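The values are calculated or read from the model by the stated rules, or taken from the named source; none is laboratory data. Keep in mind the model is a prediction, meaning the values are calculated, not measured. Heads up, the Cβs are rebuilt from the backbone with ideal geometry, glycines too, and the neighbour counts pull from every protein chain shown.
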Amino acid sequence: MAVRVLSVIPGEDGGSSMIFAKRQSSCLAALGLHVTDFYLTARTEPISVWREVNRLRRTLREVRPDLVHAHYGTVTALVCVIASSVPVVVTYRGSDLNPSPAVAAWRTLLGRLLSQLAALRACGIICVSDQLKSRLWWRRDRAVVIPSGVDLDHFSPRPRAEARQRLGWDDRPVVMFNCGLDPWVKRIEMAEASVELARREFPSLRFEVMRGDVDPARVPLLFNAADCLLVTSRFEGSPNVVKEALACNLPVVAVDVGDIRIRIEGVDGCFVVQPEPAALAQALMGVLRKGQRIAGRERVRELGQDHVAQRVRAVYGAAVMR
């Protein structure tokens with residue numbers, strides 16, 4: 001009999017938020033699991049959170065899953081371990097264990113504490129990088145490292161000229177940057193300073209910023225049209241934008257954060273440098289001078305969604321057997 005899974009995802013059903021978790025649910029369903037998605041829409045106000053706990057309990061009675069998968073720590077994971085009488089698997093993805101002083105200090109500390117408390121009750125723990133796993137206070141020995149998967153059909157190399165024509169871009173060099181919803185964590189000011197220095201050699205350099213509201217269907221087109229992805233984050237788990245850029249053979253210039261060094265190690269045309277504008281600009285200019293694509297796709301083939309879903313399914317099996 002196929003395992004029945006209730007996949008609990010913070011946020012709303014639509015949009016690009018937590019798109020990697022939504023895609024993982026679809027891949028697990030394709031493997032034959034019965035997966036039901038539950039969107040936790042309230043995570044800040046205590047009364048609203050309690051209503052979500054009760055709504056989750058009602059859904060659990062209706063769906064009768066064999067296990068619950070919380071696709072984030074903080075309130076999402078804690079609500080799951082409180083509401084569920086079946087095994088809970090928690091995936092920690094980055095800011096649920098990493099610091100984030102961009103928000104109120106008490107909120108980020110509380111969120112990290114809730115993440116750690118949820119780990120005590122979880123039957124399975126997934127961290128998307130070794131660095132994130134090292135931030136667990138306890139039960140680290142039970143945690144497995146499984147990076148989020150990449151949709152290799154969606155993110156695939158296309159001719160740059162064709163992508164630019166579709167976007168209406170000219171032939172100026174373009175650096176992509178993912179700011180998301182947290183400019184402080186992504187350190188946009190360092191990215192801007194780096195690009196400004198690179199403009200001394202490439203005065204027409206265009207800086208394209210994705211701010212969390214980009215249609216997911218449009219991202220591969222942007223990556224195929226760009227010349228480089230720049231990452232300057234203070235903290236990361238296993239940034240999917242890097243894996244997605246590699247899948248499109250787009251060069252990456254980044255600081256040493258999360259698992260980026262592991263992902264791009266040995267890929268000619270990608271660079272991990274010191275978190276300083278001058279060093280980042282130097283690497284950017286080297287990429288732009290060369291003006292070539294990289295052989296990055298082979299490096300992320302093992303992180304295709306199907307392969308990752310199979311590893312997650314193994315975690316489910318172990319959790320249900322406990």
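Side notes on the structure shown:
- Of everything in the range 154-185 that is at pLDDT 95 or above and under 21 Å from the mean Cα position of the chain (by Cα), the residue that is farthest from LEU303 (Cα to Cα) is VAL175.
- Matching option when the condition is touching a residue at least 12 places away in the same chain (Cβ under 8 Å), outside the structural domain of LEU28 (by TED's automatic domain parsing) and within 30 Å of ALA314 (Cβ to Cβ), among PHE155, PHE202: PHE155
- Residues located in the range 44-58, provided they are surrounded by fewer than 12 Cβ atoms within 10 Å (Cβ to Cβ) and either of a type in the set (Asp, Glu) or outside the structural domain of VAL88 (by TED's automatic domain parsing) (or both): GLU45
- Some residue of the range 263-270 being closer than 30 Å to ASP13 by Cβ, out of contact with any Pro (no Cβ under 6 Å at 6 or more places or on another chain) and surrounded by 16 or more Cβ atoms within 10 Å (Cβ to Cβ): yes
- Filter pass, SER238 being touching a Leu at 6+ places or on another chain (Cβ under 9 Å), crowded, with 24+ Cβ neighbours inside 10 Å and not hydrophobic (A, V, I, L, M, F, W, C): yes
- Sole exception among (1) among the charged types (D, E, K, R); (2) out of contact with any Gly (no Cβ under 9 Å at 6 or more places or on another chain); (3) under 20 Å from ASP213 (Cα atoms) for ARG23, by number: (2)
- Flag if LEU250 is touching a strand residue (DSSP E or B) at 6+ places or on another chain (Cβ under 7 Å), part of a loop (DSSP other than H, G, I, E, B) and outside the structural domain of ARG93 (by TED's automatic domain parsing): yes
- Residue tally, condition farther than 16 Å from PRO173 by Cβ and either assigned to a loop (DSSP other than H, G, I, E, B) or not aliphatic (A, V, I, L, M) (or both), over the range 272-307: 15
- When the range 58-85 is limited to residues that are without any contact (Cβ under 8 Å) to a residue 40 or more places away in the chain and among the charged types (D, E, K, R), the one that is farthest from SER115 (Cα to Cα) turns out to be GLU62.
- Of residues in the range 1-23 being of a type in the set (Gly, Ala, Ser) and either at pLDDT below 85 or over 18 Å from GLY73 (Cα atoms) (or both), the one surrounded by the fewest Cβ atoms within 10 Å (Cβ to Cβ): GLY14
- Residue among VAL195, VAL253 that alone is at pLDDT 95 or above, surrounded by fewer than 24 Cβ atoms within 10 Å (Cβ to Cβ), within 11 Å of MET176 (Cα to Cα) and not hydroxyl-bearing (Ser, Thr, Tyr): VAL195
- Count - residues of the range 102-141 that are assigned to a loop (DSSP other than H, G, I, E, B) and either surrounded by 19 or more Cβ atoms within 10 Å (Cβ to Cβ) or modelled with pLDDT of 90 or more (or both): 10
- Matching residues, the range 157-216, being closer than 18 Å to ARG234 by Cα, part of a helix (DSSP H, G or I) and aliphatic (A, V, I, L, M): VAL185, ILE188, MET190, ALA191, ALA193, VAL195
- Residue, farthest from ALA225 (Cα to Cα), within the range 148-174, restricted to residues that are crowded, with 17+ Cβ neighbours inside 10 Å and small (Gly, Ala, Ser): SER148
- Residue check, SER26 hydroxyl-bearing (Ser, Thr, Tyr), over 23 Å from TRP184 (Cα atoms), over 16 Å from the mean Cα position of the chain (by Cα) and at pLDDT below 95: yes
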